[in-house]
Amino acid sequence: MSDLPLTKNINGKTPTDLTQYEATGGYVATRQAVGAMDPDALLEIIKDSNLRGRGGAGFPTGMKWSFVPKPGSRAAGEGHRYLVANADEMEPGTFKDRLLMEQDPHQLIEGMILAAYTISADIGYIFIRHEYHVAIARLREALAAAEASNYLGAHICGSDFSFRLHVHVSAGRYICGEETALLNALEGKRAIPRAKPPFPQVSGLWGRPTIVNNVETLCNIPHIVAHGADWFRSLGRGKDSGTKLFGASGRVARPGCWELPMGTPIREILEEQAGGMAAGYQLKGFLPGGASTDFLLPEHLDLPMDYEPVMQAGSRMGTGTMIILDDRSCPLGMIANLEKFFARESCGFCTPCREGLAWVQQILDSMEAGAGRPEDLRLLEDQAEFIGAIGNTHCAHAPGAIEPLASGLKYFADDFKAHIDGKGCPYKQGAN
Amino acid sequence: MPVLIVDGKELPGKAGTNVLEALLSAGVDMPYFCWHPAMGSVGACRQCALLQYANDEDSHGKIVMSCMTPVTDGARFSVSADRASGFRRAVIENLMLNHPHDCPVCEEGGECHLQDMTVMVGHRDRRYQGRKTTFKNQYLGPFIGHEMNRCITCYRCVRFYQDYAGGNDLNAFGSRDRIFFGRAESGVLENEFAGNLVEVCPTGVFTDKTLAKNYTRKWDLQSSPTICQGCSIGCNTYTSERYGQLCRVHNRYHQDINGYFLCDRGRFGAQHVNSPARIPQPGIRNEEGKYDPLSLDDAKAKVRDFIQHSSRTIGIGSPRASLEANQALRQLVGAGNYSNGMSRNEQVMHQIILDVLASGMKTPTLAEVAEFDAILVLGEDATNHAPLLALSIRQAVRNRSKEMAGDTDIAEWHDAAVRELAQDALSPLVIATPMPDRLDDVASQSLRLAPEEIVALSTEVSMYLSAGSESTASQASSVAQGLAELLRDARRPLIVSGTSLGDINIMRATVNLSLALQAVNPEAGILLAADECNSVGMAMLDNRLSVEELVDRTPETMIVLENDLESRLGAEFAKKMSAVRHLVVLDYLDNATVSVANILLPAASFAEAEGTFINFEGRAQRNLAVFLPQGSIAPSYYLLSTLNDDCLNDSFNDSLNNSTESVSSSHQARVQTIIESIRDEFSPLKRIDECAPDADFLVLGSKIPRMTHRASGRTAMQAEVSVHEPKQPVDTESALAFTMEGNQQQAPASLRSYVWSPGWNSNQSIYKFQTEVGGADTMGNPGVRLLQGDAMPAPFTIAPTTAAQISTGPRFVAQHHIFGSDPVSSQAQELSTRIPTPYVRMNTETATTLGVSGGDGLACQLPHKRIELSVILDDDVAAHCLVYPKLVQTIGLADVAPGDLQRIAGWQGPKDPLKPNLILTDRTG
Amino acid sequence: MSQTHSPTNTIVTDKFVTLLSDAEVSQIEAEILLLPDRRSAAIDALKIVQEHRGWVSDESLVAVATLLNMSSEELDGIATFYNLIYRKPVGEKVVLFCDSVSCWLMGGDDVCKRVQATLGVAYGETTADGKYTLLPVTCLGDCDHAPAMMVGDELHHDLTPESVEEILK
Ligand SMILES: Cc1cc2nc3c(=O)[nH]c(=O)nc-3n(C[C@H](O)[C@H](O)[C@H](O)COP(=O)(O)O)c2cc1C
Ligand code: SF4
Ligand code: FES
């Protein structure tokens, strides 16, 4: 029983193959549970464990699964049921799922087998971004090995349960990470998100009950099934259970990604894991969980990385991979970079996102270029309000996109003003 | 009934609808773009936002889209809260970033939904400083213009085109703020309903090229409620005019018939009114066979002279002319000398339709078609012959998806979600036709059968149904058994057939099958498409003498009303016609019959004449003139009834203009006199005067204007001469006036000449005239369904065809084509390039027996013309069938023996494939 | 007597389908077998063709559409949505330069400028020798080694203006 279950096989050198995976207790949970345990009992364990989705929104996984209509019920209809691993990982500043897939692919596969068994899914997809060539190759290799050992395919481990798992390589676009856009992409369509409700649990892939989970979420499952909900809950340092892959990028001494207990204080991550700021740089602010989270400031360093405390501080834990803004990089430039990205990645379906982000980008670019006007600040605020709430837009892309801008306007007001007054970027002379 | 609380006030809602529908139904001015009453919600534009409060304590609220929020009892909302109205204003501000603001040169200007919404939300000052995205436009064919820069990305066009109308050559391309709606490359939009894009698009991306040609702003148009002349469906339209030119045809919402849509034949085919083939003046044929113009008075005197001195004068009416014109003709020549203008075959077919409509069989309206959950089509090419029927069938097959949605608690209006859930699941639709059908893509089964095989199959199915599954079961083929079971087990099955193959036995077999089905499934319905806009009316008026019978009675004078007998009965018959001593023809477009007339009287088109038409479901509907005909052109009913009068000295326009300005209530409009005579003479038609109020009808003391109200700032017609407009002519024939004075808002639906409501200049204002979104007209749906009964007709005896009797020789099957088969609309120049060049389509086997291959040419020589056909190989054509398009060029082919077709050596394809389908009689004089 | 319609029995000698190689067609058909209907294979099919040809020309697009029983509008609507389906010719290798935030913070702009100078192209352009096409890409998930870029299938990270010159030499 490792305290760091997700990375216990990851040594940063050789990826884990089936033999090694089995040697450290891999597929034990599968052999024990599949066919032997009642799927409802498994679901109870996941619910009890209080595992929350690691894809960004932190939705309780057990609860999500419980919305899948029970086979045979009126709402369940007839046909396939699907499980999808969201391995699209394109959130800027996020680099955790790639590690899990490249280094220990069987962990994800086993998580998917158990999840599929719990929700009675018979087909699974790993939806992975095109650029992850290494992960794709290793997953394919692992799939073949798992199939050869009857962990996948028909009558898994001699049970009545069959589950086929495919790797689907995406053709690009960040929006494919949004779970319903992902489903449309899997169906071979334009990846426009779908309106919710209905949730994919009820009407997902090809209209059938579907669960989409993040790679890291699924990687937790074998360990929870093997060691129980109580053990998993005990791993967290605060209210939230388990461990999490946290990361830091930007001007820190040792950028990287580390598995740590939930609730580890931000300061600890930054100072002990990342080694503090790189020489010559000061911390100005940071995005705690990927590009679509609100800025936090040095004053927030003592927050534990748990869903609620970060939320109360006005941001979100998101993917748990922090992006560090140093004192020599322009906050406005950083925001402009982010908004350019978000505007480019808008699917173009709903007005606030499609037009609104493009306008935001245009204003920020003009400020960076020295053409900012005092009234632009008001405009940015108006646009942030217009785009910024869940419900204003068709999906969560735009509200996420506006978080760094809205918080940046609040925390870095002086920098914005300096750009306007000084007709240009004050960071461009001198630093960098 | 659930009640919503909106800004503190209670508002009725309807379970199963959304909040936007509730707001609009209650008359609230709620802006929206992407939602469409017939297409449901997708939540793309975010324009219809309001605040929803979680509970009584919540005073902050959350922005939601009203179109995506289900109606739930007691839910609290605010439309007027600053945050809500601010959000809606921001939507417009953002939508306008790339909009070119080219309203002054935009065809949509003045009736633009985007303009309306912009004004409604109060967005005024532009704050965006950046560059605008610009796109390249495409050529989309002769009907529709394309100006992508005006796009606001509401996705309505693709949703209509792909999801509603089943087209696949229009899509959204790209992503982010660079989405392009169009085709993969420039080219004609193929879908038969593409014209609706003009009305579905909330701004000026897709515009009406026919309107652009005679461009006029909405407020300068003179319009009236008209009935489409394109087919037997009888879609309600608004037809508009300026300077004596027909400018455009728009949808006129009718809950039971066409809803919000029209087909392209109806919309663009009406341009025949502006055709150079119009007959402009009376003429008399001289010795050389050319026409000398004549004054109307002289022409009439001549006709009167013919009648007086002829031993027998007969009158050939027309199923494309109004009841009134036909009755006037019938009165002129006497009932015993009148034919309704249909062939024997047509009369029998339409009598069947009449008998079914007048029986206790369930005969649905088009709107009701969408409620059937299994449909069998027997030999009816709905898309080409009764297009809106096809559009309804397309929606009906979605019933399966609606059931699935119900099981999963997804609301029907949640359009994308329902489609995602159902994927390709469709209610059963079985199509039995000789040739590929445009509905094949949504059919669960397509059977390619020759006409008599269709009869045999339906006979088999009815026998199986009436015998029960045990006894004769063994005799029925598995196809028939499968069909019988499908129909019997459906909740509401519908059998569709009609006159498109011209086969009486198919119609009889359809009736028999429906009777057998109704006996085991009382919910079963039957729908028979008729042929022309007034075929059913003609069958009701007087279905006794067919054209053939009457013409055989050796008349000396023959008066033909708006009817080309050559295209109806073939060239052989046409010879008899030329043998008649005095042939008098009243028509508005040139055709083969016109070209042999001795006296030609220029009739008014539908846009210039009042008239009543009875559609396929026996609904009488009044068409009202849009504008006065020019010169000596006059409505047929007028020409014919004045021939019956003593007075010679009038012309139609003078008679209108000379009447006193205030129409006294004692005035009896000429058309009204005829309507009354029809009402009194024919008991099944006794309610026809209910389909629209008569000429004496007044709203608040005045007639109903054909033009938008004065405040709209109409452009003076003769401004270069004088800004004082001349006095408008007085319309004594209808309750409408050629003016802008009077009250349009309170006009009954049958007299409403356009839709407009304060703040709603676009066609979207229709909701202000509905009892609820998608509901009945607030003033009552126009028209009256005349026929209903409760007796069941006796089944027909059809000589049973055994497999052995089914002919195995090649035979011709004429196929309707939405563009080209209707003799009137095909004279619209805009349609000319959409009319197919003559072809013959057959399967490989049949081609082998004929010794031809794909790409060959076949020809036959008729007495007065040569027909050339390109051979198309298509294994989706029933065996032995030689399918050819019913066109002016192929008239007479039915009389040819297939064996007489000659292979053309060195055939290079038709010489002039784009030749317009125009006949121009030599009228040079 | 009856013949049931199926879309395949219309005789179309489509000049476009023959444009695809046997290998392409069989790879696409293999994908279709895993899916509920042909059109669901749209993206896979486009990628297969691109794998073979480097990009998806108008002709290949029509060919794939025909094979999948779709209109070219339907397929191109999909193709133009995804940034890794190339509807214009690209060089032998595509350079995907990460222009996302972590790389930007680590001086990615300067590195990119060097890439552009070395190749002599701007974003979206192909080098004159047809070797490289330079495109921006979303975060490559290598932020702890920013700046990063991919050249063909290979990931390069901890980039400096000097190292990119070496890589692209
Ligand atoms: C614009 C957008 C992009 C997203 N991208 C990803 C992604 O790349 N990977 C991911 O796991 N989740 C992503 N998500 C979150 C998913 O929609 C979804 O919530 C998640 O896959 C659910 O998994 P979980 O419950 O296991 O967290 C994204 C969400 C949005 C709105
Ligand atoms: S917020 Fe709207 S436009 Fe943006 S990605 Fe989501 S659905 Fe598409
Ligand atoms: S009309 Fe409701 S979002 Fe468009």
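The values are calculated or read from the model by the stated rules, or taken from the named source; none is laboratory data. The shown structure was predicted, so the numbers you read here are calculated from the model rather than taken from an experiment. Reconstructed Cβ throughout: ideal geometry from the backbone, glycine too, with neighbour counts over all protein chains shown. These area figures cover heavy atoms from the full protein model, side chains too; ligands, DNA and RNA do not enter into them. Shrake-Rupley method; radii C 1.70, N 1.55, O 1.52, S 1.80 Å.
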Given a 1.4 Å probe, the accessible area of the protein assembly as shown per residue, as a whole number of Å², is 35
For A:Lys244, the lysines lying under 26 Å Cα to Cα, once residues fewer than eight places off in the same chain are dropped, come out as A:Lys8, A:Lys13, A:Lys47, A:Lys64, A:Lys96, A:Lys284
With every protein chain in place, the residues of segment B:855-880 shedding 50 Å² or more of accessible area versus the chain by itself (probe 1.4 Å) are B:Asp875, B:Asp876
Largest-first semi-axes in Å of the equivalent ellipsoid built from the Cα gyration tensor of segment B:3-95 are 19, 17, 10
Counting every C-alpha pair in segment B:563-617, the percent lying more than 17 Å apart is 46
For B:Asp895, placing the label point 7 angstrom along Cα-to-beta-carbon and taking segment B:846-865, residues whose amide nitrogen sits under 15 Å are B:860-865
Restricting to aspartates and glutamates and to Cα separations under 12 Å from A:Lys410, and discarding same-chain partners fewer than 8 apart, the set is A:Asp294, A:Glu381
Among residues of segment C:104-151, a drop of 30 Å² or more in 1.4 Å probe accessible area, assembly relative to the chain on its own, occurs for C:Trp104, C:Leu105, C:Met106, C:Thr138, C:Cys139, C:Leu140, C:Gly141, C:Cys143, C:Asp144, C:Met150
Sorting B:Pro838, B:Leu887, B:Gly110 by the position of each Cα along the dipole of chain B (Lys, Arg +1; Asp, Glu -1; all at Cβ), the one nearest the positive end of that ordering is B:Gly110
Accessible-area loss of at least 40 Å² (1.4 Å probe, chain alone to full protein assembly) applies in segment A:109-158 to A:Arg129, A:Glu131, A:His133
Between the residues B:Gly283, B:Asn345, C:Val49, the Cα farthest towards the positive end of the dipole of the protein assembly as shown, that dipole coming from +1 and -1 charges on the beta-carbon of Lys, Arg, Asp and Glu, is from B:Gly283
Once the mean of 1/r over all distinct C-alpha pairs in segment A:49-147 is inverted, the Kirkwood radius in Å reads 14.8
Here the longest stretch of chain A that holds no trypsin sites (Lys or Arg not before Pro) in a DSSP loop having at most 13 other beta carbon atoms within 10 Å is A:14-422
antiparallel share of DSSP beta bridges within chain C, to nearest 5, in %, is 55
Rounded to a whole %, the carbon-and-sulfur portion of the accessible area of segment A:1-99 at a 1.4 Å probe is 54
Of every Cα-Cα pair in segment A:118-173, the percentage lying beyond 16 Å is 47
Computed, not fitted: 222 nm per-residue ellipticity of chain A from DSSP H runs ≥ 4 (each -39500 (n - 2.57)), nearest 500, equal to -11500 deg cm²/dmol
So, over other residues within a Cβ distance under 14 Å of A:Ala146, counting Lys, Arg +1 and Asp, Glu -1, the net charge is -2
per DSSP, antiparallel bridges as share of beta bridges in chain B, % nearest 5, sits at 55
Per the Kirkwood formula over distinct C-alpha pairs, the hydrodynamic radius of segment B:377-459 in angstrom is 13.8
Length-normalised contact order of segment B:353-462, Cα under 8 Å, at least 6 apart, in percent, tallies to 25
Once A:Asp160, B:Asp680 are ranked on solvent-accessible area with the largest value leading and a 1.4 Å probe, the list reads A:Asp160, B:Asp680
In Å, the C-alpha Rg and Dmax of chain B are 28.2, 93
Ratio for segment B:159-298, C-alpha Rg to 2.2 N^0.38 Å, reads 1.35
Rounded to the nearest 5, the percent of DSSP beta bridges in the protein assembly as shown running antiparallel is 50
Of the listed links B:Lys213/B:Lys768; B:Lys209/C:Lys88; C:Lys88/C:Lys113; A:Lys189/B:Lys768; A:Lys417/B:Lys62; A:Lys340/C:Lys113, those spanning more than 26 angstrom between alpha carbons are B:Lys213/B:Lys768; B:Lys209/C:Lys88; A:Lys189/B:Lys768; A:Lys417/B:Lys62
For the pair A and C, the solvent-accessible area buried on both sides (1.4 Å probe; DNA, RNA and ligands excluded), in Å² to the nearest hundred, is 3500
Computed over all unlike Cα pairs, the Kirkwood hydrodynamic radius of the protein assembly as shown in Å stands at 35.8
Buried accessible area between B and A, both sides, 1.4 Å probe, in Å² rounded to 100, is 3300
Percent relative contact order for chain B, counting Cα pairs under 8 Å at least six residues apart, stands at 14
In whole angstrom, the spacing between the Cα centers of segment A:102-144 and segment B:565-639 equals 74
Here the Cα Rg-to-2.2 N^0.38 Å ratio for segment A:331-421 is 0.99
Taking a label point 7 Å from the Cα of B:Glu845 along Cα-to-Cβ, the residues of segment B:879-896 whose backbone nitrogen sits under 12 Å from it are B:879-881
With all protein chains in place and a 1.4 Å probe, B:Asp116 shows an accessible area in Å² (nearest 10) of 10
In segment A:243-326 the accessible area split gives carbon plus sulfur, as whole percent at 1.4 Å, a share of 49
Carbon/sulfur accessible area of chain B, % of total, 1.4 Å probe, equals 50
Summing +1 per Lys or Arg and -1 per Asp or Glu among the other residues with Cβ less than 15 Å from A:Met37's Cβ gives -4
At the level of C-alpha centres, the distance separating segment C:147-169 and segment B:112-156, in angstrom, is 43
Once Lys and Arg are counted +1 and Asp and Glu -1 for all other residues with Cβ under 12 Å from that of B:Val105, the total becomes -2
Using the Cα gyration tensor of chain A, the equivalent ellipsoid's semi-axes, largest first and to the nearest Å, work out to 39, 24, 18
Given Cβ charges of +1 for Lys and Arg and -1 for Asp and Glu, the option among B:Thr216, B:Ile227, B:Cys247 whose Cα lies farthest towards the positive end of the dipole of segment B:190-247 is B:Thr216
